[in-house]
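Just so you know, all these numbers are worked out from the coordinates, no wet-lab data involved. Here the structure is a predicted model, which is why all the values come from computation and not from measurement. Cβ sites come from the backbone with ideal geometry, for glycine too, and all protein chains shown count toward neighbours.
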Amino acid sequence: MTQAPRAITIVGASLAGLNAAEALRREGFDGPVTLIGAESHLPYDRPPLSKQVLAGDWEPERAALTDPEELEEDGIESRLGVRATALDLNTRQLTLHTGETVEFDGLVIATGARCRTMPGTEGISGVHVLRSLDDCLALRADFEAMPQRVVVVGAGFIGAEVAATARGRGLDVTMVEALPTPLSRVLGDAMGEVCAEVHRDHGVDLRTAVGVEHIAGDGRVERVTLSDGSTIDADVVVVGIGVIPNTEWLDGSGLEVDDGVVCDASCLAADRVTAAGDVARWPNELFGETMRVEHWDNAAQQGAHAARCLLDAAVGPFTPVPWFWSDQYDRKIQLAGRVRGDDEVRVVTGSVEERRFAAIYGRAGRITGVLGFNRPRHVMRYRALIEQRASFDEALAAEF
Amino acid sequence: MRIVVDFDLCESNAVCMQIAPDIFEVRDDDFLYILNETPGEGDRSRVEECVQRCPKQAISIAED
């Protein structure tokens, strides 16, 4: 077995990367730790970018996850605004976009993901994606100009939060979703429909089962043409159609890449190289399934696990129950587990009509997930049952 | 060890409650209640896990 690294470099200075760095220090690692980030900002928290910061309730500083003093105290060196462009495992060197090469011993890959974009919209202002703080501030500035209509493309969780925040600002919103029911692949038709109703109740013009054909404008966006031939006048368009893991810089490195950096069950990708967060794909033994998870909680926990894995080869498998929350209007939606659209679903507490309930999902006799609308307590209780591999019947019989 | 929760930050995600249900409880009113503000040293590692995993970084430990 190889020894623990003398120095550890972390590529990616967001939640997973920062948590890796902090975990190294918590575990007593006293060698050099370097955090390399492509953005010029110190690590910040992304969830507020579609909510409080976008709403104008928070200034961006409040989303900071750390500050220079804290990093210095922990002995974490940060190199910001530099992008890693290549990795050589033989010489154990990184190449940066500046052309500089950096030697490493231990490495955590936490380069995250980037938004998918709509082809042909590059030169049109007013067409946004939302991932980074800079994305958020650009969209916020457009919201502050009080546009006549905001079109949100994609009714996934990011689109839904942007729509909710825009409505909160009093803006008219049309949300376009290609599926007949939003989120049906994730939550099933019935629960997806509940999410759709929440938006309609808050005045969103929700168009489903229709794609976006074309986004047009002379310099500035003017209209969106849908696949049924209809058009929507728009001053602002927000595209929320998923993300792509940032792995191109690993081409030729010898690491296996398949919609993410392929790791073993403990998050190890190669000798003294681990991966964490949105960019990592690993077999989660709790579910017997290889997954790549794009949630806040996963980035934080996997970052810490990937760090521990570098220090101790016997750290064991990373087996979380994926969990996330989404705040929309006055609802806190939480989902824990690994749910498929065709799982059996049962409401176990509360009332769907009042939008205050928990529903559990089951497949092959086992509980696979729990969805809560303003039911955090129940979500966490059922999450524990998922962790214990409880049967669906046991979960149905449980009382919390 | 004394547990301090910044209730302006807390969003009742109930992560702490899953880790330490004997110390933190989110009730049906969706608010977080601290059941034991001054747990013993034996609970330190669990409380530290709550501090670290809180999505809003709303929990801290005061040593007084």
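Please state the equivalent ellipsoid semi-axes for the protein assembly as shown: what are the square roots of 5 times the Cα gyration tensor eigenvalues, largest first, in whole Å?
34, 30, 22
For A:ILE10, what residues show an amide H to amide H distance below 5 Å, using hydrogens built from the backbone and excluding near sequence neighbours?
A:THR34, A:LEU35, A:ILE36, A:VAL108
Could you tell me the ratio Rg/Rh of the stretch A:105-163? Both radii from Cα atoms, Rh via Kirkwood.
Using Cα coordinates only, the ratio equals 1.07.
Rounded to whole Å and ordered largest first, report the semi-axes of the equivalent ellipsoid of the stretch A:330-397 derived from its Cα gyration tensor (root of 5λ).
Semi-axes, largest first: 19, 12, 10 Å.
Could you tell me the extents of the stretch A:237-299's C-alpha atoms along the three principal axes, largest first, rounded to whole Å?
That works out to 44, 32, 17 Å along the principal axes.
In whole Hz, with x marking every Gly and Pro, tabulate ³J(HN,Hα) for the stretch A:160-172 from phi via Karplus 6.51 cos²θ - 1.76 cosθ + 1.60, θ = phi - 60°.
Going residue by residue, I get 5, 5, 5, 4, 5, 5, 5, 5, x, 8, x, 8, 6 Hz, with x marking Gly and Pro.
Under 10 Å, Cα contacts only: if you run a Gaussian network model on chain A, which one of A:ALA138, A:ALA160, A:ALA269 comes out with the highest mean-square fluctuation?
Result: A:ALA138 has the largest fluctuation of those listed.
Can you sort A:PHE400, A:PHE324 from fewest to most other Cβ atoms within 10 Å of each residue's own Cβ?
Ordered by Cβ neighbours within 10 Å, fewest first: A:PHE400, A:PHE324.
Where in chain B are there chymotrypsin sites (Phe, Trp or Tyr not before Pro) that are in a DSSP coil and have at most 13 other Cβ atoms within 10 angstrom of their Cβ?
Of the chymotrypsin sites (Phe, Trp or Tyr not before Pro), the ones in loops of chain B whose Cβ has at most 13 other Cβ atoms within 10 Å are B:PHE7, B:PHE31.
At 222 nm, what helix-only mean residue ellipticity would chain A give, in deg cm²/dmol to the nearest 500, using -39500 (n - 2.57) for each DSSP H run of four or more?
Helices in chain A give a 222 nm mean residue ellipticity of -7500 deg cm²/dmol.
Select from B:GLN52, B:THR38, B:ILE19 the residue farthest towards the positive end of the dipole of the stretch B:2-62; place +1 on Cβ of Lys and Arg, -1 on Cβ of Asp and Glu, and compute about the Cα centre.
B:GLN52
Compute the Rg to Rh ratio over the stretch A:117-241 from the alpha carbon atoms, using the Kirkwood formula for Rh, and round to two decimal places.
With Rg and the Kirkwood Rh in hand, the quotient comes to 0.94.
So how far, in whole Å, is the C-alpha centre of chain B from the one of the stretch A:297-356?
That distance is 19 Å.
Going by Cα centres, the stretch A:201-272 and the stretch A:36-83 are how many Å apart?
Their Cα centres are 23 Å away from one another.
State the Cα centre-to-centre distance between the stretch A:359-380 and the stretch A:116-195 in whole Å.
27 Å
If you take every DSSP beta bridge whose two residues both sit in the protein assembly as shown, what share of them, in percent to the nearest 5, is antiparallel?
Taking every DSSP beta bridge with both residues in the protein assembly as shown, the antiparallel ones total about 65 percent.
Along each principal axis of its Cα atoms, how long is the stretch A:1-84 end to end? Whole angstroms, biggest number first, please.
Reported extents, whole Å, longest axis first: 50, 26, 23.
In a solvent-free Debye calculation with one equal scatterer on each Cα, what is log10 I(q)/I(0) for chain B at q = 0.12, 0.27, 0.29, 0.30 Å⁻¹, listed in the order of the q values?
Relative scattering, expressed as log10 I(q)/I(0), comes to -0.24, -1.29, -1.50, -1.60.
Taking chain A as a Gaussian network, where each spring joins two C-alpha atoms under 10 Å apart, which residue of A:ALA358, A:ALA145, A:ALA164 fluctuates the most?
A:ALA145
If eta is 0.890 mPa s and T is 25 °C, what Stokes-Einstein diffusion coefficient results for the stretch A:38-111, Kirkwood Rh from Cα pairs, in µm²/s?
169 µm²/s
Bins of 5 Å, beginning at zero and ending with the bin holding the largest distance: percent of Cα pairs per bin for the stretch A:160-207, please.
5, 24, 32, 23, 11, 4, 0
Spelling out what I want: for every residue of the stretch B:40-57, take phi, set θ = phi - 60°, compute 6.51 cos²θ - 1.76 cosθ + 1.60 (Karplus), and round to whole Hz; glycine and proline get x.
Computed from phi, the couplings for the stretch B:40-57 are x, 4, x, 9, 4, 5, 5, 5, 4, 5, 4, 4, 6, 9, 4, x, 10, 6 Hz.
Apply the Karplus parameterisation 6.51 cos²θ - 1.76 cosθ + 1.60, with θ equal to phi minus 60°, to every residue of the stretch A:207-217 and state each ³J(HN,Hα) to the nearest whole Hz, in sequence, with x for glycine and proline.
10, 10, 6, 9, x, 9, 8, 7, 10, 10, x
Rg and Dmax of the stretch A:300-369 over Cα atoms: what are they, in angstrom?
According to the Cα coordinates of the stretch A:300-369, Rg and Dmax are 16.5, 50 Å.
Please tell me the relative contact order of chain B in percent, rounded to the nearest whole number, where contacts are Cα pairs under 8 Å and at least six residues apart.
That works out to 48 percent.
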